[in-house]
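Before any comments, here is the structure.
Just so you know, all these numbers are worked out from the coordinates, no wet-lab data involved. This is a predicted model, so every value here is computed, not measured. Please note: Cβ atoms are built from the backbone with ideal geometry, for glycine as well, and neighbour counts cover all protein chains shown.
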Amino acid sequence: MIWSLVKIIVFVVAVAALALGAGYLLEADGGVQVVVAGDEYNFGPFESVVALIVLVLVIWIGLKLLGLLVAVWKFLNGDETALSRYFDRNRARKGFDALAEGMMALASGEGRVALAKAEKADKYLNRPELTNLLTAQAAELAGDRRKAEETYRKLVENDATRFVGVRGIMKQKLADGDTDTALKLAEKAFALKPKHEETQDVLLKLQADKEDWAGARQTLSAKLKHGALPRDVHRRRDAVLALSEAKQVMAEDETIEARETAIEANRLSPDLIPAAVMAANSYIEQGQKKYATRVLKKAWEARPHPDLAAAFAAIEPDETASERLKRFAQLTRSHQDDPETKMLLAELNIAAEDFPAARRALGDLVETDPTTRSVTLMAAIEKGQGASDAVIQGWLARALSAPRGPQWVCDNCQNIHGEWGPTCSNCGAFDTLEWKRPPANEIAMPGGTEMLPLLTTSLAQDAGNAVTVVDDSEVVEAEDLGNPPPKGD
């Protein structure tokens, strides 16, 4: 900065001096008189200007010769590169100028110009560690993928630029859809620079796509270790990965490991609904109903969900309807104003054939917040209280057009999922599924457990053909309308 300021000041002074000198020459009648060793030389105004230009050229040549003599002197005194540095100085200046122009062209989106400047810079500098990166990025921008990959491979050969080369090839493979090769390259890039946040994210996503849950948990721990992830977010996402690992182990019939992993997932994030359900089921298999109850109560206090209610019912599958209503008070005493709690109480009272209590539990939900499930419940209540077929059919017809209510929705792309998963099947985002109401313009999908999860088969018989509930599949049919309802929009 200081040197640039000095050069600007010198330039301004030189221009001022030349202007002043030109003024003197124009005002001088006889021109300029120069006396050398007793001899006088007279120059007119034009001749004086020419002489001045010649003098500047002589001085410039003299300075160049002086620099050459200094380089020769240093060479004679043992500096073997003095002469080469002297002659390469101008080439280096041209090379760095071309490099700077190439970077500016790259930032401006001019791929072909940047590629040409990169080739020029490489010609003058002969510094591939500097020019190869510009060449690769310029080739990518210009659409020359073959040249870009060749240049990235050259970068891999240099220790100083190996990470850049691996990362560049990895991004190309991702663009080509070759996720297997991209995963190997991401692992290599992560080994070279474990603190690089983008590489961590790419590796984590690829591992999740490949269902390498153990490897993904290691990558997630590295993100926490290097400060790229808050501790609370790490616990939540680690729970998601542990749950996914448990599901994978369960699919392989290794039930002991599955139980342990499911319980760990629930411990890491008690409010993760699928983890709570799986942990509760593992406790039920072990006969530890007390622990299963505790897990589900804690998850329900965090957020009511029909899957939690279904798991809670599975703790005592052979109890009577009245016994179930009494036991479920452990859940329903919290979040009493939540629609899920109201519908759960209505279901339990319908199962106990206490239809007035079911109506009171449902309240004005069908008017203030109607959903397919709540309106269908009202149809069951009307049937239980002996309403006419026309009234029941009216409620069932309304149920078909009512919103589905909360579902598993991706926060990233708003895609609706029939069941929870660690990644979005539409956009591939990790840990973005949330139990909430989808946007109004979205097409609803089957929710699986959202409709009458606790009604028994005996109730279905009592309610007649208006509502048929199958315990395992939890599907509601409306036969009185003449046509069964669609199984998904």
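Here are the numbers:
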quantity: Which of Cys424, Cys413 has the fewest Cβ neighbours within 10 Å, and the rest in rising order; calculated: Cys413, Cys424
quantity: Average silhouette area of the range 324-384, convex hull of alpha-carbon atoms, in square nanometres; calculated: 3.6
quantity: Extension gain, Leu20 back to Glu119 (0.36 nm per residue minus Cα-Cα distance, nm); calculated: 31.1 nm
quantity: Order of Leu133, Leu331, Leu66, Leu348 under a 10 Å beta carbon neighbour criterion, fewest first; calculated: Leu66, Leu133, Leu331, Leu348
quantity: Shape box of the range 150-288 [Cα atoms, principal axes, largest first, Å]; calculated: 62, 30, 20
quantity: In Hz, Karplus ³J(HN,Hα) per residue of the range 154-169 (6.51, -1.76, 1.60; θ = phi - 60°; x = Gly, Pro); calculated: 5, 5, 5, 6, 9, 4, 6, 10, 4, 4, 4, x, 5, 5, x, 5
quantity: Proximal lysines relative to Lys195, as straight alpha-carbon distance under 21 Å, when same-chain residues fewer than 8 apart are discounted; calculated: Lys171, Lys184, Lys205, Lys223, Lys225
quantity: Sequence-distant residues sharing a close amide H with Gln407 (under 5 Å, placed H); calculated: Lys436, Arg437
quantity: Projected label distance in nm at Glu197 and Val54, using a 7 Å step from Cα toward the beta-carbon; calculated: 6.7
quantity: For the range 136-153, Karplus couplings with θ = phi - 60° (6.51, -1.76, 1.60), whole Hz, Gly/Pro x; calculated: 5, 5, 5, 5, 4, 5, 7, x, 8, 5, 5, 5, 4, 5, 4, 5, 4, 5
quantity: Efficiency of FRET between Gln393 and Lys326 - r from beta-carbon atoms, R0 25 angstrom, step 0.05; calculated: 0.15
quantity: The range 261-393 - Kirkwood radius from inverse mean 1/r over Cα pairs (Å); calculated: 15.6
quantity: Neighbour-count ranking [beta-carbon atoms within 10 angstrom, fewest first] of Leu241, Leu183, Leu20; calculated: Leu20, Leu183, Leu241
quantity: √(5λ) per eigenvalue of the Cα gyration tensor, the range 397-437, largest first, Å; calculated: 23, 8, 8
quantity: Estimated distance in nm for a label pair at Val13 and Asp337, the labels positioned 7 Å out from Cα along Cα-to-Cβ; calculated: 8.0
quantity: Euclidean distance between Cα centres, the range 182-247 to the range 292-332, Å; calculated: 35
